[in-house]
Every structure is written in structure tokens, then in C-alpha cells.
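The values are calculated or read from the model by the stated rules, or taken from the named source; none is laboratory data. These numbers were taken from a predicted model, which means no experiment stands behind them. Cβ coordinates were reconstructed from backbone atoms using ideal geometry, including for glycine residues, and neighbour counts include every protein chain displayed. Surface areas here come from the heavy atoms of the whole protein model, side chains and all, with no ligands, DNA or RNA. Shrake-Rupley method; radii C 1.70, N 1.55, O 1.52, S 1.80 Å.
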Amino acid sequence: MLSGAPMTSAVEKFRYDDDIVRKFMVMTLVWGVVGTLAGLYVALILVMPSLSFGLPFLTFGRLRPLHTNAAIFAFAGNAVFAAVYYSSQRLLKARMFNDMLSRLHFWGWQLIIVAAAVTLPLGITSGKEYAELEWPIDIAIAVVWVIFAVNFFGTLAKRRERHIYVAVWFYIATIITVAILHIVNSLAIPATLTRSYSIYAGVQDAFVQWWYGHNAVAFFLTTPFLGLMYYFMPKAANRPVFSYRLSILHFWSLVFIYIWAGPHHLHYTALPEWASTLGMLFSVMLWMPSWGGMINGLMTLRGAWNKVAEEPVLKFFVVGVTFYGMSTFEGPMLSVKSVNALSHYTDWTIAHVHSGALGWNGMMTFGLAYWLAPKLFQTELWNKKLANLHFWLGTLGILLYIVPIYAAGVTQGLMWRAFDETGRLAYPDFVETLVRLIPMYWVRVAGGTLFVVGAVLALVNIIMTWKARPAKYEDPEHEAPALGEYTVAEPKPTGSILAYIARADFHRAWERKVLKFSVLVGLSVIVASLFEMIPTFLIRSNVPTISSVTPYTPLELAGRDIYLGEGCYNCHSQMVRPIRAETERYGEYSKPGEFVYDHPYQWGSRRIGPDLHRVGGKYPHLWHVRHMEDPRSTTPQSLMPTYAWLLKEDTDFAGIQKRVDVMAMLGVPYGDAVNKAEGMAREQAKQIAAEIQTQGGPAGLESKKIVALVAYLQRLGTDIKKQPQDSSATRQAQKSESPVMPPPGAALGAVK
Amino acid sequence: MKLSDIMSSMGLATYAEISLLIFFAVFMGVVFHVYKKGSQETFDRAGRMPLDDDHPQDPRDVKENA
């Protein structure tokens, strides 16, 4: 239809850069195997803690972040980049802006992944879920992301296609939003090369962290994969997307609504009830475009369903898109308060995440790989039957994973809240609710194994396809008219403003103006985020101070560092919700004012072990020492790994001063401790070590890490039980809440 | 007086509600625009873009009759 159109400017010749796509694609499959293997291992050590062999770097707490980072940023990340580099060049009819930037992006990203794989098992972590990497790596991520952005927007600027296809809009939203999310959430002050403290504390830190976490799911795992869907599904089915209109709606609803959708960001903040309800409405509204998107993807196959039976690529896409629909139905449901009260901290969340990650991201990525391989390596796919086998193994693996884990989540949630006829907890011992899940955890191991085998088959298939590649790749030259001036008149506001809006040429005008379009997307994300955050951050009454809450002692701070480094938050929450079942089990519910010195917060998101917020003073020191040395000695059925090395390794007393200084810099009122942290820490350590000895424990522990950790654990949640001291230690003592009075909208469970 | 004191007394909480309404309005605007009549052809053309790697569907210097 265009070959006949008048061409007014010179025709330019160009080639697509497929080499960079090959690089990203191969690494996607390599990291896919690594990430899923790490997942399988952490699933195994949950049922067989002995498989950690007592080694620090093989514990669940350190390896679970490795698994999540590998799956999200290495596997899904590389898949996104492969898809973006392949489809953007073709949609824009232009080679990438700069080949060198493409390579820097590739090697930089792989280096970051390797750095993550080395530092996380070493216990080097910032202690924020899904954002564990420490500050030097965070900076590297920002730099590589900027390189990617420059390369991408440079390509947009020299494109030869006027209209920007909807897939590219999704990519633009991804690039802008991920940059904002990453930078804002990672703001921290370094104490050493391997330890930094979030500039936010407690409730605010939780708020920023889940603003990041929630939107990272939206803009790292959803929008780029939707872009991928809108390009590669039509390609694979060889027909245009079912409804381009629906795809535009899908895009804007995600950009405009997603940031507001999670009512878990609105509940318990300064927002009044009706706004919270409107937030819920948004969340329900998100079902429509999400399902619209799913239907749009599936209907793209109209009249081509016969192909699905024979083409593994389409099978992967169909299952992937279906899981997108399932997860986007489940997500809003989980954010309904009454559902969340049951599901939160249970395996339900884990099942939900894996239906999204394995079903949506995983299946879309493998479909992409099987579709791209023959094009990239310019030969037939090595073994189509193997790809089909992978499809069935993968699908069965996902079902075997999620079904028992859903059951585990509901089972444990119901057991936690069960009361007997006398009004007491039916299962007062936490471990009772955990051992019940072990059979289901074994089924998960089986499902995970199938999925890993599938990922290995994919890697083998791609490597064998690569081996059959031609001696020299064909690199066809393409032609298109050079960039020209816009010949379409700017839409002028004629007639009434309503008529202008109704005609709405402005949207088509924006679509062609990359810069304006990007600014608009960026603006909508920033504005929504600011309006969401400012009230929580700056309105004092949101976090009432509690006069008896004081900063951690230097030794407790060192113990807290150990808690962070070992990733205890991966299994233990520090947030007792205002629910009777929880206050019965753990004690007084948590108040926002108790976390004001927690840089970063440690509320956690999953209770594989019990909540620890009120653990302080619950057991004698010696219990903790024995429990860390061998958890089975105090709780025979415990699934916790042993932490025997904490009794052998020395606390870094010399480094404590630096940490206290950074905390003071962040506004923690340390007063005198600022200058004598090390001495104070040694003194407290000596005292605790002596107490351990009088309780019948081993002598000579005062320089060991265990003492610092015990100091921290014994302090947890005890401040509100103290009598308020004089007001010098606290700010605004008069305004402080009474520890027993429920605050209006306590910011509990504000995370999902 | 600290910045947070100033910000606290500004009554910013209302802004969140206003912005929710703005976002809602913009979203409804997009819905209205997308489903208005008379642009089927444009959308069809855009929808075909992924299918041709060799020729632009919408080259930048072609006159548009819209």
C-alpha cells in the first residue's frame, strides 16, 4: 500500500543489527537455567535444610535473593533486551543508534549479573527485597540503564517510520519508569564498600520499597512483555493484532492506573476512606484492560488456531498470555483487604508470583526464543519435537508448582487464624503450621524439576541450532525513505473545546513525537508517585512518634547488620498485624512509630518462620545461642538452616563507629554514642556474653557475631514496653501516641 | 522551622484525592478517544506494522489525507 505512495526524499539503505539480539538471546537461556536451578535448590533446602551443609553461602536467606535476582533481572531482563533490540529496529525501520552502546549495554548487564551472583551468597545485601544489590552495583545498573536509554531513544530519533507502534510505547514506558523506580528506591548512604543504609526508615522505607516492588512488576515484568506480545504474536501468527484500539487502551490504562491500582499502597496511608475505595475501584478497573490485553493477544490467533497445534512457539504464547490473564485477575483480588488478611505472609503470594513469573514471563520468553532462533541463526530449529516436549514439561511443571503452593498458602493462613472452642489459638506452636506444608513443598520440588529440565532442553535446542548456522550470516540490506519533515498539519483547536477533544487528533500527533510522548509517560508516572508519597512522607501525623522508642545501641546495630546480611527477612516478618490471631500469637501489634530508626525496614513479606517483632525478651540469651547453633536442638521440626559460624566469627567492632556515624547522618539521634560507639559495643557484648555464661552457655563469646545478633533480637519490639524517658531522647513527646491506643490507620500490612 | 513542618501545614493530603480524579478523567478521555468513530483505517494500518520488516507502513514524509 505504500510502495505506490509518493516518495519525496532520498531512499536510505540500512541493515539490522541481529548480532546483539543473538547475544542477549543466548544469555537469556543460560541465565534461565541458572535462575531456575537456584530456585530448585532453595525449594529443596526448605524441605531438607541439611542440604545447606552448614555453609554460610548455601543458606536459604542468602540464596533466595540470588534466585529472584537471577530470574527477574538476568533471565527476564535479557529476554526483554533481546526482544527490544529485535523488534524496535524492525518497527522503526532503523539500525540501533550506536553499535558500541549496544555492546556496552550487553556486557555491562552481564557483568552486573555476575557481580550479583558473587555478592549475594557472600551476604552482601542492602536488605530490601527485590532490590538487594549493594550500592556499587546499583550505580552500575543506573549507568547501564542510561546507556540503554540513550541507544534506544537515539534509534527512535532516526527512525524511518512515522507512527510508533504500540509495542514501542510499552518499551518507552519501561525504560523511563524503571529508571525512576531504581534510583528512588536505591537511595542510600554507604558506610563501607559493601554496606549502605537506605535513606528512608521504617514505614517510609516500606512505602518506597513496595512502590518500587509493585511497579517493578508492572514495568519490568509486565509492560516490556506486553510490548513483546504485541510484536511477536502477530509475527508468529502472521496476522495483525486483533484490535489495535484495545492495545492503545491497554497501554494507557497500565501507565495511568497501575501506579494507583494497588490498594495496598492506599490503605493505611493519609488517604481518607473514599479515596481508598476509589483506589480499589481503579484496581478492579485494571481487570478490564488486562483481560482486554489477554483477549487481544489470544484473538490475534483468530483463524490460526490450527497452527497452534503444530507450532510450539504459538503454544508457549497461548499459555503465557493465559497466565497473564490469571495473574492480573489474582493480583487485584489479593489486594482486597479481607483477602489480603488471609493471604499475606503465606505461600499464596509465592504461588501468585510464580504463576506470573513461570507462566507469563517464562512461557513468553521461551516462545520468543523458539521463534527467534531460526531467524537469528538462519537455519531450522534443531528439534521441534524437543520444543514440544519442553512445552508440556514446562506447563505441567508450573501446575505442579502452583497448585500445591496455593493449597499451602490457604492451609497455613487458615491454621494461623484458627481458634479452638475455648477461644485460644488452635495451633499455638508456629512449627505445627509449617510441617503441615512439607508434603506440598515436595510436590513443588517435583514441579520445579520439570520446569528446570524444560529450561535445559531449550538451552540445548538453541545451542544445537546455533551449531547448524551458516558459515556466514546473511545480512540483507533494507531501504526506506530518509527522515522527512512532518507534512501533516498540527491539529489546531478549532470549534469548541469539546469538539477538539472529540476529534482527538492530538493523540495521533503525540504518537509521532517521541520526546513529547516520553515526557508524558514519565510525567504521569512521576506525578502519580509523588502524589502517592508526599502525604506519607511529609505529614507528621502519619507516623506518630513514640517517646520510649530510642535508637539501637551500637552493638544492636552490628547485630542488625548480621540479620540483614543473612537475609533473615526472607523467612521472618517483623510486623504483627492488628488481627486477633496475630496479637494472640505474637503479642502487641506493631506501631508505625516503632520503626523510625529502621534503616532499612525489615517487615518481610513471607513467614516461613514466625514473626520476630516481639521476640525481644521472649527467650533467654542462651536459647538464641543454641537455636542459631542448631535450630533442631530447640525446635525439633524446624526448617531453619544452622548458623553455627556466628559462634565462631568475630564481630567487626572497629567498623561499628562508621555505621553509627552514617545512622547519625541519616538523622538517628545518637547523641554521645556518635563518638564512642566501639567502646559501648564492647561493653554491651561483654555483659551479654557474661549472661550467656551464667545461663549455662559457653564462655568467651563476647567478640563473636552471635552476641551482636542476640543483642539485636533481644531488643526487638521491646521499646514500647519501657516507661517513657525524659523528652531529650525523643522529638515531640507531647504529640506522641500512647503505646496502647490504636493509632488511626496504623500503617501495618501496608505492604503486600 | 523545618521543611517537613511547612509541608505538613500545607494540607497536601487533598492533592492525592484531586490527582486521583485527574487520572480518572484522563483515563476516561483516552477511552473516549480510542473508541470514537472514523479512525478504523488508521488503526488497521498501525496494526499491520510488525508484519513487514522491509517497508515502512507510515513513512515520515508521505502526505496524509486525514
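Observations, loosely collected:
Okay, residues lined up against (1) among the polar types (S, T, N, Q); (2) within 14 Å of chain B (Cβ to nearest Cβ); (3) farther than 24 Å from A:Val456 by Cβ:
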site: A:Thr36; (1), (2), (3): yes, no, no
site: A:Pro49; (1), (2), (3): no, no, yes
site: A:Ser88; (1), (2), (3): yes, yes, yes
site: A:Ser102; (1), (2), (3): yes, no, yes
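- Test: residue in the range A:577-596 that is closer than 29 Å to A:Glu702 by Cβ and surrounded by fewer than 22 Cβ atoms within 10 Å (Cβ to Cβ): no
- Which numbered condition B:Arg48 fails, given (1) at pLDDT 75 or above; (2) more than 8 Å from every other protein chain (Cβ to nearest Cβ): (2)
- Here A:Phe256, A:Phe282, A:Phe232, A:Phe225 are screened, and the one residue that is modelled with pLDDT of 85 or more and within 11 Å of chain B (Cβ to nearest Cβ) is A:Phe232.
- All positions within the range A:626-661 that are among the hydroxyl-bearing types (Ser, Thr, Tyr) and either open to solvent by 40 Å² or more (accessible area, probe 1.4 Å) or not in a loop (DSSP other than H, G, I, E, B) (or both): A:Ser633, A:Thr634
- Only residues that are in a helix (DSSP H, G or I), more than 25 Å from A:Arg626 (Cβ to Cβ) and of a type in the set (Phe, Trp, Tyr) were counted across the range A:662-721, and they come to 0.
- If you check A:Phe170, A:Phe106, A:Phe148, A:Phe152 for being in contact (Cβ under 8 Å) with a residue 12 or more places away in the chain and either within 14 Å of another protein chain (Cβ to nearest Cβ) or surrounded by fewer than 17 Cβ atoms within 10 Å (Cβ to Cβ) (or both), only one passes: A:Phe170.
- Looking only at residues of the range B:1-38 that are facing another protein chain (nearest Cβ under 8 Å) and in a loop (DSSP other than H, G, I, E, B), we find that the one that is modelled with the highest pLDDT is B:Tyr35.
- Qualifying residue in the range A:189-197 (condition: among the hydroxyl-bearing types (Ser, Thr, Tyr) and surrounded by fewer than 22 Cβ atoms within 10 Å (Cβ to Cβ)): yes
Conditions tested, residue by residue: (1) assigned to a helix (DSSP H, G or I); (2) within 23 Å of A:Leu358 (Cβ to Cβ).
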| residue | (1), (2) |
| --- | --- |
| A:Ala70 | yes, yes |
| A:Val84 | yes, yes |
| A:Ser88 | yes, no |
| A:Leu91 | yes, no |
| A:Met96 | no, no |
| A:Val114 | yes, no |
| A:Gly123 | no, no |
| A:Gly127 | no, no |
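- The range A:674-716, residues that are of a type in the set (Gly, Ala, Ser) and either open to solvent by less than 10 Å² (accessible area, probe 1.4 Å) or without any contact (Cβ under 8 Å) to a residue 60 or more places away in the chain (or both): A:Ala677, A:Gly679, A:Ala681, A:Ala685, A:Ala689, A:Ala690, A:Ala699, A:Gly700, A:Ser703, A:Ala708, A:Ala711
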